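Okay, here's the structure, questions in a sec.
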Amino acid sequence: MNPATPARSAQRQRYLMCRPTHFEVTYSINPWMDPAKPVDRDLAVTQWEQLADLYRQLGHQVEEITPLPGYPDMVYAANGATVADGRVLGARFRNQERAAEGPAYLEWFRANGYTETHDPVQVNEGEGDLLVVGDRILAGTGFRSSPESHAEAQEFLGRPVVGLRLVDPFFYHLDTALTVLTDDEVMYYPGAFSPGSRAVLERLYPDAIQVSRADAEVFGLNAVSDGLHVVLPEAATAVATRLRERGFTPIGVDLSELFKGGGSVKCCTLRLRD
Ligand code: ARG
């Protein structure tokens, strides 16, 4: 390890997850989804349970929301809301297929003691596009969340929101193109962003790990960091090497079935920042 590498330490976290009891791929709203390709739902559940168990072994707390039949994408809990300082910004989905998930997630928060909640007016797909990095929020637009939702998020969450434009349909949510590693470190795939947004990322995070399209294609950026451990798809071996060089402990997991819906580790994990 380079002597300049900072000492890493894990921070206990709380996550909300949704068991893939009703998971299937029957429609296609991103380029990864192919309804003609078979999905093994039992395997999806097993892989998902392994992820939840891993989080618990790492000392994190996992809460569960009851999955709704007919909403196969509800397993991608990251899209359900954005939570910062206990304040919950609800999600409003771009696609009709997922519309009911927004109110269902907000209902979970209200039933679980969160009093500061906001029903969004603009389209935002939760932590899929709104990533809290320390005091600021990086916010994606271009495919799902609208640019107007960025102002709504800033007003409700009271943190500066930096808008970033996504340009590659394979990386349609910000959390498929950028990982938050610590309060001031991110890693990302530059090709997923417009030239101006790339310049913004270089200015804000000049030392960030930049990964290749091949790394992003195995969802190597759809990862969850607790400050030390970075849980990511096991196929993302090159990303794991880069993380080790920076003093992180990468842990690979197999989420092959949920990959067929266009998501992986981070998509299945909504961070509860209380
Ligand atoms: N099938 C889902 C969709 O297209 C996948 C969502 C992935 N979630 C994420 N946080 N990137 O909406």
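The values are calculated or read from the model by the stated rules, or taken from the named source; none is laboratory data. The structure displayed is predicted, hence computed values, not measured ones. Positions of Cβ are generated from backbone atoms using ideal geometry, with glycine treated the same way; all protein chains shown enter the neighbour counts.
Any idea how many residues of the range 160-177 are crowded, with 17+ Cβ neighbours inside 10 Å and assigned to a loop (DSSP other than H, G, I, E, B)?
4
May I ask you to verify whether LEU243 is within 14 Å of the ligand (Cβ to nearest atom), buried (at least 18 other Cβ atoms within 10 Å of the Cβ) and hydrophobic (A, V, I, L, M, F, W, C)? Don't jump to the end; show me each part of the working.
Numbers: within 14 Å of the ligand (Cβ to nearest atom): no; buried (at least 18 other Cβ atoms within 10 Å of the Cβ): yes; hydrophobic (A, V, I, L, M, F, W, C): yes.
Spelling it out, it is not the case that LEU243 is within 14 Å of the ligand (Cβ to nearest atom), buried (at least 18 other Cβ atoms within 10 Å of the Cβ) and hydrophobic (A, V, I, L, M, F, W, C).
Conditions (1) in a strand (DSSP E or B); (2) among the hydroxyl-bearing types (Ser, Thr, Tyr), marked per residue:
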| site | (1), (2) |
| --- | --- |
| ALA78 | no, no |
| THR82 | yes, yes |
| LEU89 | yes, no |
| ARG94 | no, no |
| GLU97 | no, no |
| ALA104 | no, no |
| GLU107 | no, no |
| ARG110 | no, no |
| TYR114 | no, yes |
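I'm trying to understand the selection: among the residues of the range 36-56, which are part of a helix (DSSP H, G or I) and either without any contact (Cβ under 8 Å) to a residue 40 or more places away in the chain or polar (S, T, N, Q) (or both)? First the steps, then the outcome.
Residues of the range 36-56 that are part of a helix (DSSP H, G or I), as a first pass: 41-56.
Passing the criteria: ASP42, VAL45, THR46, GLN47, GLU49, GLN50, ALA52, ASP53, ARG56.
In contact with a Pro (Cβ under 9 Å, 6 or more places away or on another chain) and either at pLDDT below 95 or within 30 Å of GLU152 (Cα to Cα) (or both): does that describe ASN2?
Considered against the rule, which asks whether it is in contact with a Pro (Cβ under 9 Å, 6 or more places away or on another chain) and either at pLDDT below 95 or within 30 Å of GLU152 (Cα to Cα) (or both), ASN2 comes out as no.
Among what's in the range 258-274 and is of a type in the set (Lys, Arg) and in a loop (DSSP other than H, G, I, E, B), pick the residue that is nearest to TYR15 (Cα to Cα).
Result: ARG273.
Can you name every residue in the range 105-153 that is more than 24 Å from LEU178 (Cβ to Cβ), touching a Lys or Arg at 6+ places or on another chain (Cβ under 7 Å) and among the acidic types (Asp, Glu)?
Residue satisfying the conditions is GLU116 alone.
Filter the range 57-76 down to the residues that are in contact with a helix residue (DSSP H, G or I) (Cβ under 8 Å, 6 or more places away or on another chain), in a loop (DSSP other than H, G, I, E, B) and under 21 Å from THR179 (Cβ atoms) and list them by number.
TYR76 - this is the single residue of the range 57-76 that is in contact with a helix residue (DSSP H, G or I) (Cβ under 8 Å, 6 or more places away or on another chain), in a loop (DSSP other than H, G, I, E, B) and under 21 Å from THR179 (Cβ atoms).
Related question: Listed residues ALA7, ALA44; which is away from the ligand (no atom under 12 Å from the Cβ), hydrophobic (A, V, I, L, M, F, W, C), farther than 18 Å from GLU127 by Cα and modelled with pLDDT of 95 or more?
On the way: ALA7 fails: modelled with pLDDT of 95 or more.
Residue meeting the stated conditions: ALA44.
Something else: Determine whether the range 219-239 contains at least one residue that is among the hydroxyl-bearing types (Ser, Thr, Tyr), over 16 Å from ALA52 (Cα atoms) and either in contact with a Leu (Cβ under 9 Å, 6 or more places away or on another chain) or part of a helix (DSSP H, G or I) (or both). Don't jump to the end; show me each part of the working.
We begin by selecting, within the range 219-239, every residue among the hydroxyl-bearing types (Ser, Thr, Tyr); these are 225, 237.
In the following step, the residues that additionally are over 16 Å from ALA52 (Cα atoms) were identified as 237.
Filter once more, so that each one left must be either in contact with a Leu (Cβ under 9 Å, 6 or more places away or on another chain) or part of a helix (DSSP H, G or I) (or both): 237.
Yes: one or more hits.
Hey, does the range 247-270 have a residue that's more than 27 Å from ARG19 (Cβ to Cβ) and at pLDDT 95 or above? Talk me through it step by step, then tell me what you get.
Here is the first cut: in the range 247-270, the residues more than 27 Å from ARG19 (Cβ to Cβ) are 247-248.
Those still in the list that are at pLDDT 95 or above too: 247-248.
Yes, the conditions are met somewhere in the range 247-270.
What pairs come out if I take residues in the range 245-273 that are within 22 Å of TYR114 (Cβ to Cβ) and pair them with residues that are within 10 Å of the ligand (Cβ to nearest atom) and among the hydroxyl-bearing types (Ser, Thr, Tyr) whose C-beta lies under 6 Å away, six or more apart or interchain?
Note: pairs meeting the criteria are CYS267/TYR76.
Suppose we filter ALA84, ALA36 for residues that are surrounded by 14 or more Cβ atoms within 10 Å (Cβ to Cβ) and at pLDDT 95 or above; which single one remains?
ALA84
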